[in-house]
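Step one of this worksheet: look at the structure below.
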Amino acid sequence: MLQQRRAAAEAVAKQLFEAEEALDLALAAVAGLAVTMPSVRKGANLSIMFGQDAMESATETLSHLTQARRTIIATHKALSVTREQLGLRHYSVGPENDKPETDPKPTGVHLHEVKAA
């Protein structure tokens, strides 16, 4: 039974990492497009009025991809909980990279209000 759970976890993790990678690649591609459009417009000596609709569409797409990235991160966190529920807490699948803590510990540094001079 543990072997089946591990196999299931590996299959899901593989798809999750592929989805995360695809979102990052799409995000980078659309960001590149959004950066390129005003540069080439200026290089072609065109009025800023050219391509405004396209620029707005590209930045809207960028916003949607950023939201999709946020939700795939939520999916990843939820699957981490599921992994623990299946008794695979110490079983790691996927790339070995650092992840930030989900609930960062306080650093002990506190901000204080400063009165203006």
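The set of residues from the stretch 47-85 being over 30 Å from GLN3 (Cα atoms) and among the acidic types (Asp, Glu) comprises ASP53, GLU56, GLU60. Looking at (1) aliphatic (A, V, I, L, M); (2) surrounded by 11 or more Cβ atoms within 10 Å (Cβ to Cβ); (3) free of Cβ contacts under 8 Å to residues at least 12 places away in the same chain; (4) part of a helix (DSSP H, G or I), which is the one condition that is false for ALA26? ALA26 satisfies every listed condition except (3). Looking only at residues of the stretch 67-107 that are of a type outside the set (A, V, I, L, M, F, W, C), surrounded by 10 or more Cβ atoms within 10 Å (Cβ to Cβ) and outside any helix (DSSP H, G or I), we find that the one that is modelled with the highest pLDDT is GLY87.
In the stretch 52-66 there is at least one residue that is touching a residue at least 40 places away in the same chain (Cβ under 8 Å) and either part of a helix (DSSP H, G or I) or not acidic (Asp, Glu) (or both). Here SER47 clears all of (1) of a type in the set (Gly, Ala, Ser); (2) assigned to a helix (DSSP H, G or I); (3) farther than 24 Å from THR82 by Cα except the condition numbered (2). Can you tell me which of (1) under 30 Å from LEU88 (Cα atoms); (2) touching a Gly at 6+ places or on another chain (Cβ under 7 Å); (3) at pLDDT 95 or above; (4) among the hydrophobic types (A, V, I, L, M, F, W, C) is the one MET37 doesn't meet? MET37 satisfies all of (1) under 30 Å from LEU88 (Cα atoms); (2) touching a Gly at 6+ places or on another chain (Cβ under 7 Å); (3) at pLDDT 95 or above; (4) among the hydrophobic types (A, V, I, L, M, F, W, C) except (1).
The values are calculated or read from the model by the stated rules, or taken from the named source; none is laboratory data. Because the structure is predicted, anything quoted here is derived from the model rather than measured. Using ideal geometry, Cβ is built from the backbone for each residue, glycine included, and neighbour counts are taken over all protein chains shown.
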